[in-house]
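Enquirer: To start, I am sharing the structure in question, which I have written as structure tokens.
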Amino acid sequence: MSDILESIPLIIYSKTAGTYLPDLEIYVDGIKSRFLFDTGAISSQIMSDSHTNKYESLGKKESKGTSGIGTNQDVIILSEVQFGQRVYKNFKIHRGERSILGLDFLQDLLIEIDLKCERLNLLSNFSRTESLEKINWLSTGHLTVPLKLCEMKIFALFDTGSDSTVIDEKFVRDNSGMFQLIRSEDGEDAHGNKVPSNVYSCHEVQIGHLKLQNVEMASFEFGAYLREKMENVPIILGNNIIYGSKWSFDLKSGFWCSYN
């Protein structure tokens, strides 16, 4: 067993049947607040409301979702943020459409993500050092992990803020033998912008110890902005795959593993 220093409850909810998104509760200047736990977000943000609008803006910063459409957000400073037993002082955060806890909260931690048991565990050490792999960091600070689609080895951005696994439509066209079209529908990015998409079944996905058959993936054209940002990584690994395993990341030393 890993040495668990602290176990933080996750609140798992569904937008649609069979999907999962994890929230957690933290205290912002003494007020209990609910945030989406989102490893696909580099910077955290807090929802704009009558309380947070009282904080003075330090200026604007543009934030872009997967659609590439930019939204200008205020940057504010929270005097004290309590995340489990950890306390952050004078924490700089964006004020936006919703509250998101991103990687800037977790940058020096060893964490275990267990969506099925509804827990985010803070660890003192890995349980299985023989299965450790290096995290592949993008220049943006996003973390990616290796996987195999059928027999092709690629990387995927690990994103607990996405209820579905998402793939670039261009990659589907270039590797059409791996996929079967199921349906077409409209998705949306983190800012609520509509994104036309298709849903495919991928014949086989292998990641860590998992080997999955006929995995559903949403697909849309990533576009020049997103392809550059993701350094041509073609997949955002979402919770339809993440839910099936436990995932440990040492965000300080840069190693990860998955296990049952």
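Enquirer: Pull up the cross-link candidates among the aspartates and glutamates for LYS211, meaning alpha carbon to alpha carbon under 13 Å and not fewer than 8 places away within one chain.
Expert: Counting by Cα, and skipping residues close in sequence, LYS211 has these aspartates and glutamates nearby: GLU151.
Enquirer: Could you check the simple spin-label distance between SER184 and LYS32, using points 7 Å along Cα→Cβ, in nm with one decimal?
Expert: Here the answer is 4.6 nm between the modelled labels.
Enquirer: Dividing the convex hull volume of the alpha carbon atoms of the range 98-197 by its residue count, what do you get in Å³ per residue? Spell out each step's value before the answer.
Expert: Working: hull volume 17.0 nm³, N = 100.
Value for the range 98-197: 170 Å³ per residue.
Enquirer: Please tell me which of these pairs span more than 18 angstrom C-alpha to C-alpha: LYS54/LYS92; LYS170/LYS229; LYS60/LYS252? Provide the component values of the computation, followed by the final result.
Expert: Working: LYS54/LYS92 15 Å; LYS170/LYS229 16 Å; LYS60/LYS252 29 Å.
Check vs 18 Å cut-off fails for LYS60/LYS252.
Enquirer: Separate question: Ordered by residue, what ³J(HN,Hα) values in Hz, to whole numbers, does the range 177-183 give under the Karplus form 6.51 cos²θ - 1.76 cosθ + 1.60, where θ = phi - 60° and Gly and Pro are x?
Expert: Working through the residues one at a time gives x, 8, 10, 10, 5, 9, 6 Hz.
Enquirer: Related question: Mind giving me the nanometre distance, one decimal, between the label points for GLN107 and ASP174, set 7 Å out from Cα along Cα→Cβ?
Expert: In this crude spin-label approximation the distance works out to 3.2 nm.
Enquirer: Just name one of PHE155, GLY59, GLY254: the one whose Cα is farthest towards the positive end of the charge dipole of the chain (beta-carbon charges, Lys/Arg +1, Asp/Glu -1).
Expert: After comparing all options, I get GLY59.
Enquirer: Here's something else I'd like to know. Restricting to the chain, what percent of DSSP beta bridges are antiparallel, rounded to 5? Don't jump to the answer; show the numbers that get you there.
Expert: Values: 76 of 87 bridges.
Looking only at bridges with both residues in the chain, the antiparallel portion is about 85 percent.
Enquirer: Considering only protein heavy atoms and a 1.4 Å probe, what is the carbon-and-sulfur percentage of the accessible area of the range 20-112? Walk me through the numbers before you get to the answer.
Expert: Working: 1930 of 4350 Å².
Carbon and sulfur together cover 44 percent of it.
Enquirer: Now, a different point. Run the numbers on the chain and let me know its relative contact order in percent, using alpha-carbon pairs under 8 Å that are six or more apart.
Expert: On the way: 611 pairs, mean separation 58.3, N = 260.
This gives 22 percent for the chain.
Enquirer: Roughly how many Å² is the accessible area per residue of the range 1-151, as a whole number, for a 1.4 Å probe? Please list the in-between numbers first.
Expert: Details: 7510 Å² over 151 residues.
I get 50 Å² per residue for the range 1-151.
Enquirer: Report the full-extension gain for the segment ILE4 to HIS203: residue separation times 0.36 nm, less the Cα-Cα distance, to one decimal in nm.
Expert: Roughly 68.0 nm would be gained on extension.
Enquirer: Magnitude of the Cβ-charge dipole of the range 1-139, K/R +1 and D/E -1, about the Cα centre, nearest 20 debye? Kindly include the intermediate steps, with their values, before the conclusion.
Expert: Working: 16 positive and 19 negative charges, 72 e Å.
About 340 debye.
Enquirer: Right, another one. Going by a ≥ b ≥ c, the root eigenvalues of the Cα gyration tensor, does the range 190-256 fall in the rounded group (a/c under 1.5), the prolate group (a/b larger than b/c) or the oblate group? Display every interim value, and only then the final one.
Expert: Values: a/c = 2.00, a/b = 1.22, b/c = 1.63.
Oblate shape, in that a/c is at least 1.5 and b/c is the bigger or equal ratio.
Enquirer: Could you tell me which of rounded, prolate or oblate describes the range 1-93, using a ≥ b ≥ c as the square roots of the eigenvalues of the alpha-carbon gyration tensor, with rounded for a/c under 1.5 and, failing that, prolate when a/b is larger than b/c and oblate otherwise?
Expert: Values: a/c = 1.89, a/b = 1.19, b/c = 1.60.
Note, shape of the range 1-93 comes out oblate.
Enquirer: Which entry is the computed Cα Rg over 2.2 N^0.38 Å for this structure: (i) 1.42; (ii) 1.07; (iii) 1.00?
Expert: Structure-derived value, by its label: (iii).
Enquirer: Need the full-extension length gain, ILE154 to ASN232, defined as separation in residues times 0.36 nm minus the C-alpha distance. One decimal, nm. Walk me through the intermediate numbers first.
Expert: Working: separation 78, 0.36 × 78 = 28.08 nm, distance 1.02 nm.
Extra length available between ILE154 and ASN232 comes to 27.1 nm.
Enquirer: As a check on your grasp of the helix formula, calculate [θ] at 222 nm for the chain: sum -39500 (n - 2.57) over DSSP H runs of n ≥ 4, divide by the residue count, round to the nearest 500. Mind showing how you got there, number by number?
Expert: Numbers: 3 runs with 17 residues, N = 260.
It comes out at -1500 deg cm²/dmol, rounded to the nearest 500.
The values are calculated or read from the model by the stated rules, or taken from the named source; none is laboratory data. Quick caveat: nothing in here was measured; it's all calculated off a predicted structure. Positions of Cβ are backbone-derived with ideal geometry, glycine not excepted, and every protein chain shown enters the neighbour counts. Areas reflect the complete protein model, heavy atoms only, side chains present, ligands, DNA and RNA absent. Shrake-Rupley method; radii C 1.70, N 1.55, O 1.52, S 1.80 Å.
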